[in-house]
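Here the structure comes first, spelled out in structure tokens, and everything after it is commentary.
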Amino acid sequence: MLLLALACSPVDLPAAAAATAEVRGIWLTRFAWSNREELEDALGELAAAGFTDVYFQVRGNFDAYYPSAYEPWAEKLTGTLGQDPGWDPLALVVDQGHALGMRVHAYINVFPLWRGLAPPAESSPRHALLDHPDWWLGRADGSPWALNDSYVFADPGAPGVRQRVVAVSEDLLDRYALDGLHLDYIRYPAKQADPATATANVTATVAAVRAAVDVPLSAAVWGVHENHWGWDKVADGLPTYHQDSHAWLADGLLDVAMPMIYWQVSDPPGERLDFTTLAADHLAQSGAGAVYPGLEARYGLEPALACVEAARAQGAKGWVLFDYSQAKEWLAEFGRRL
């Protein structure tokens with residue numbers, strides 16, 4: 001298999017990053033582009049807007065947006081699971097992103113196993129759902145979790161699942177000149193009957209990846225770690241999804257946590273799901289690591305800028321925008337206003 005990205009080594013200090021000590025990150029998901037030209041255009045727009053770090057999604061549901069020995073090419077690329085599109089999206093992003101002065105992080109969905117009402121088709125490599133049906137996580141009450149128009153999850157407690165995540169991570173770092181590895185959906189889909197075991201399972205996966213890679217390791221984590229404020233109808237990362245991101249930072253398992261605080265700065269401060277309140281809570285637990293608050297673009301330009309200013313006021317050394325496709329219309333103005 002051709003190792004297309006080896007010619008481009010990681011950059012110590014990209015040009016965009018040299019202009020500011022602040023990390024200005026953006027998630028570039030698999031849904032934000034359809035072909036090579038759109039991906040190239042996106043990278044050019046991000047560099048022009050002053051972003052320093054691109055978190056490029058290369059794994060959605062045990063599939064791949066690069067030639068993987070473990071998982072099939074994503075169906076989205078050609079319409080057929082496992083079909084080679086004739087180019088390597090990750091190699092393009094690494095090469096062009098570095099040439100434009102940005103750091104590139106490979107972003108993987110960790111536990112989502114499959115998405116859709118029909119099972120995966122036969123492919124080479126064969127999809128994990130077909131080869132390892134025992135990895136398919138059931139519901140907390142023991143009943144099956146049926147295929148649906150959202151995700152079914154791999155079982156975080158299954159040793160084979162953890163081994164696969166580590167193998168994918170090592171393969172990416174061995175073959176591409178990446179500046180970091182980024183974990184998403186590193187959690188259960190719902191509260192489990194044995195919270196202590198569930199939390200340990202997720203933490204063990206983070207620890208296994210940490211031990212396997214020697215680049216900065218980051219994770220997108222739930223925006224509310226624990227609901228200390230008594231807000232109504234709020235899911236929180238640790239009690240609801242068994243994601244103990246504060247402990248991961250404290251124990252050195254993560255270099256950076258990116259809490260997905262996908263709400264606005266409230267007026268007055270401290271109201272339900274206030275961005276500033278949640279950013280402060282995560283930043284207070286950063287320990288020796290870092291917290292880059294995640295902000296959502298769907299509210300528009302001014303609310304996004306307000307979140308950046310709130311993150312800065314709380315002492316954050318960076319922030320990450322979700323995502324390119326939602327911000328595309330005002331990205332250039334956003335860059336100017338920063």
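Derivation of every value follows stated rules applied to the coordinates shown; laboratory data play no part. Predicted, not measured: the structure shown is a model, and the values here were computed from it. No Cβ is skipped: glycine too gets one built from the backbone with ideal geometry, and neighbour counts run over all protein chains shown.
Subtracting the Cα-Cα distance from 0.36 nm times the residue separation, let me have the gained length for residue 99 to residue 34 in nm, one decimal.
Length difference between fully extended and current span is 21.2 nm.
Have a look at 238, 65, 147 and report the one farthest towards the positive end of the charge dipole of the chain, computed about the Cα centre with Cβ charges (Lys/Arg +1, Asp/Glu -1).
Among 238, 65, 147, the one farthest towards the positive end of the dipole of the chain is 238.
Find the centroid of the Cα atoms in segment 193-211 and in segment 39-79, then give the distance between the two in whole Å.
Between the Cα centre of segment 193-211 and that of segment 39-79, the gap is 27 Å.
Where Lys and Arg each count +1 and Asp and Glu each count -1, what net charge lies around residue 305 among other residues with Cβ under 12 Å from its Cβ?
0
Counting only complete DSSP H runs, which helices of the chain cover 20 Å or more along their long axis at the Cα atoms and score a mean Kyte-Doolittle of -1.0 or above?
The answer, listed by residue number, is 159-175, 195-212.
Place a label point 7 angstrom from the Cα of residue 141 along the Cα-to-Cβ direction, then list the residues of segment 225-269 whose backbone nitrogen is under 12 Å away.
From segment 225-269, the list is empty.
How large is the charge dipole for segment 15-337, taken about the Cα centre, if only the Cβ atoms of Lys, Arg (+1) and Asp, Glu (-1) carry charge, to the nearest 20 debye?
Around 200 debye, computed over segment 15-337.
If I take R0 = 35 Å and measure r between the Cβ atoms of residue 299 and residue 126 in this structure, what FRET efficiency does the formula 1/(1 + (r/R0)^6) give, to the nearest 0.05?
The formula returns an efficiency of 0.25 here.
How far, in nm, would the chain grow between residue 193 and residue 163 when pulled straight, counting 0.36 nm per residue and subtracting the alpha carbon separation?
Net length gain for the segment: 8.4 nm.
How about segment 229-338: which GluC sites (Glu not before Pro) there are in a DSSP loop, with at most 16 other Cβ atoms within 10 Å of their Cβ?
271
Give the residue from 279, 225, 212 lying farthest towards the positive end of the charge dipole for segment 175-306; charges sit on Cβ (+1 for Lys and Arg, -1 for Asp and Glu) and the dipole is referred to the Cα centre.
212
Provide the net charge surrounding residue 74, with neighbours chosen by a C-beta distance below 14 Å and charges set as Lys +1, Arg +1, Asp -1, Glu -1.
Residues near residue 74 contribute -1 overall.
Roughly what would the spin-label model give for residue 118 and residue 80, points 7 Å off Cα along C-beta, in nm?
Spacing of the two 7 Å Cα→Cβ label points: 1.4 nm.
Kindly rank 203-216, 236-249 from highest to lowest mean number of other beta carbons found within 10 Å of each residue.
Output ranking for 203-216, 236-249: 236-249, 203-216.
Counting Lys and Arg as +1 and Asp and Glu as -1, what is the net charge of the other residues whose Cβ lies under 14 Å from the Cβ of residue 125?
It works out to a net charge of -4.
Post the alpha-carbon centroid distance, segment 272-338 to segment 132-190, in whole angstrom.
27
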